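Heads up: the structure comes next, in structure tokens.
The values are calculated or read from the model by the stated rules, or taken from the named source; none is laboratory data. Remember, it's a predicted structure, so these values are computed and weren't measured experimentally. Reconstructed Cβ throughout: ideal geometry from the backbone, glycine too, with neighbour counts over all protein chains shown.
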Amino acid sequence: MEIEHTPKQVKRGFVPTDAKEFGTAESLEKLRKSAEEVYFLINRGYAMKNAVTFVGNHHLLSERQRTAIARSVSSDENIKIRKSKELSDSDVAGKTLYIDGFNTIITLEIAYSDSILFRCMDGTIRDIAGLRGTYRLIDKTDMAVSAVAETFTYLNIEKAVFYLDAPVSNSGRLKQKILEIMQDRPFEIEVYTENSVDSILESKSCVVTADALILDRCGSWYNLTDTVIKNHIGNYRYIDIMGDLR
């Protein structure tokens with residue numbers, strides 16, 4: 001049997017070049033100018049991928065900078081759709097939440113690692129970790145899952161249903177970790193590993209995710225990550241590329 005040794009200290013989402021690409025006045029000014037141009041283009045019918053490629057090539061942006069813009073910027077139409085379906089704390093009391101497991105836990109691991117996160121135009125919190133199918137539990141995993149469990153108790157939900165992408169490595173280990181930490185809580189807990197998590201969540205209401213396509217297609221959604229970070233970490237140093245236009 002394979003035994004996974006959890007590292008004592010891991011900084012999820014940290015890349016050494018981030019300080020230069022996101023942490024200087026010059027880099028942030030270039031990001032904001034680029035993001036405004038992408039925003040202009042997508043509101044006039046350009047596809048996000050094409051707009052980011054065009055603008056990114058013009059401003060010589062790195063791949064992480066391009067990813068940050070693609071995840072931070074949304075069209076006015078998409079922002080309106082997503083905001084119209086966003087639930088408040090009181091809306092989810094007594095309800096079942098359907099959670100995009102990796103999307104939520106990884107972002108919170110990054111928050112506990114004090115790595116970069118973005119407050120996006122649609123109000124979501126997104127990262128640019130880009131794990132691409134590989135995942136392992138780290139020292140921040142327990143902290144993230146425990147904070148989610150405490151937030152569920154605070155929200156007085158009836159049930160939490162997690163969906164984890166089966167093809168992602170260590171999805172089974174994360175499933176057991178969630179069940180272990182959330183047992184004996186004042187809400188029901190279910191965790192499933194599935195091959196098509198996105199399609200399952202797109203058909204639900206009371207969804208927890210920051211995935212743009214799911215947000216556009218689901219019945220309603222709750223911004224759990226924002227609530228957890230506010231209540232358990234405090235004033236986070238988000239990068240808010242389009243703050244003036246949100």
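Condition first: under 24 Å from Leu131 (Cβ atoms), of a type in the set (Asp, Glu) and either out of contact with any strand residue (DSSP E or B) (no Cβ under 6 Å at 6 or more places or on another chain) or modelled with pLDDT under 95 (or both). Can you find one or more residues in the range 27-36 that meet it?
Scanning the range 27-36 turns up no residue that is under 24 Å from Leu131 (Cβ atoms), of a type in the set (Asp, Glu) and either out of contact with any strand residue (DSSP E or B) (no Cβ under 6 Å at 6 or more places or on another chain) or modelled with pLDDT under 95 (or both).
Given (1) without any contact (Cβ under 8 Å) to a residue 24 or more places away in the chain; (2) surrounded by 18 or more Cβ atoms within 10 Å (Cβ to Cβ), identify the lone condition not met by Ile110.
Answer for Ile110: the failing condition is (1).
What's the number of the condition Phe40 fails, among (1) hydrophobic (A, V, I, L, M, F, W, C); (2) outside the structural domain of Val148 (by TED's automatic domain parsing); (3) touching a residue at least 12 places away in the same chain (Cβ under 8 Å)?
Going through (1) hydrophobic (A, V, I, L, M, F, W, C); (2) outside the structural domain of Val148 (by TED's automatic domain parsing); (3) touching a residue at least 12 places away in the same chain (Cβ under 8 Å) one by one, Phe40 breaks only (3).
Output the number of the condition that Tyr154 fails; it satisfies all remaining conditions of (1) in contact (Cβ under 8 Å) with a residue 60 or more places away in the chain; (2) surrounded by 15 or more Cβ atoms within 10 Å (Cβ to Cβ); (3) aromatic (Phe, Trp, Tyr).
It fails just one condition, (2).
Check Ser169 against each of (1) modelled with pLDDT under 95; (2) on the phi > 0 side of the Ramachandran plot and name the one condition it does not meet.
Only one criterion is unmet by Ser169, namely (2).
Listed here are the residues, each with its yes/no results for (1) without any contact (Cβ under 8 Å) to a residue 40 or more places away in the chain; (2) buried (at least 21 other Cβ atoms within 10 Å of the Cβ).
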site	(1), (2)
Asn50	yes, no
Thr53	yes, no
Ser62	no, no
Thr67	no, no
Asn78	no, no
Ile81	no, no
Leu87	no, no
Tyr98	no, yes
Asn103	no, yes
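Do you know which residues across the range 206-236 are touching a residue at least 60 places away in the same chain (Cβ under 8 Å) and more than 17 Å from Thr104 (Cβ to Cβ)? Walk me through how you get there before you give the answer.
The first filter runs over the range 206-236 and keeps only residues touching a residue at least 60 places away in the same chain (Cβ under 8 Å), leaving 206-212, 214-216, 218-229, 231-233, 236.
Asp216, Gly219 - these are the residues of the range 206-236 that are touching a residue at least 60 places away in the same chain (Cβ under 8 Å) and more than 17 Å from Thr104 (Cβ to Cβ).
Output the residues belonging to the range 183-222 that are under 13 Å from the mean Cα position of the chain (by Cα) and surrounded by fewer than 19 Cβ atoms within 10 Å (Cβ to Cβ).
The answer is Ala212, Leu213.
Quick test for you: out of Thr67, Thr24, pick the one residue that is farther than 23 Å from Asp211 by Cα and either touching a helix residue (DSSP H, G or I) at 6+ places or on another chain (Cβ under 6 Å) or hydroxyl-bearing (Ser, Thr, Tyr) (or both). So that I can check it myself, show each step before the final result.
Values: Thr67 fails: farther than 23 Å from Asp211 by Cα.
Matching residue, one of Thr67, Thr24: Thr24.
List the helices (runs of 4 or more DSSP H) that sit entirely inside the range 133-246 and contain at least 1 residues that are more than 30 Å from Ser84 (Cβ to Cβ).
Details: elements: 141-155, 171-182, 197-202, 212-217, 224-232.
Fully inside the range 133-246 and qualifying: 141-155, 171-182.
Out of everything in the range 113-124 that is surrounded by fewer than 22 Cβ atoms within 10 Å (Cβ to Cβ) and not small (Gly, Ala, Ser), what residue ends up being farthest from Asp18 (Cα to Cα)?
Only one residue fits best here, namely Arg119.
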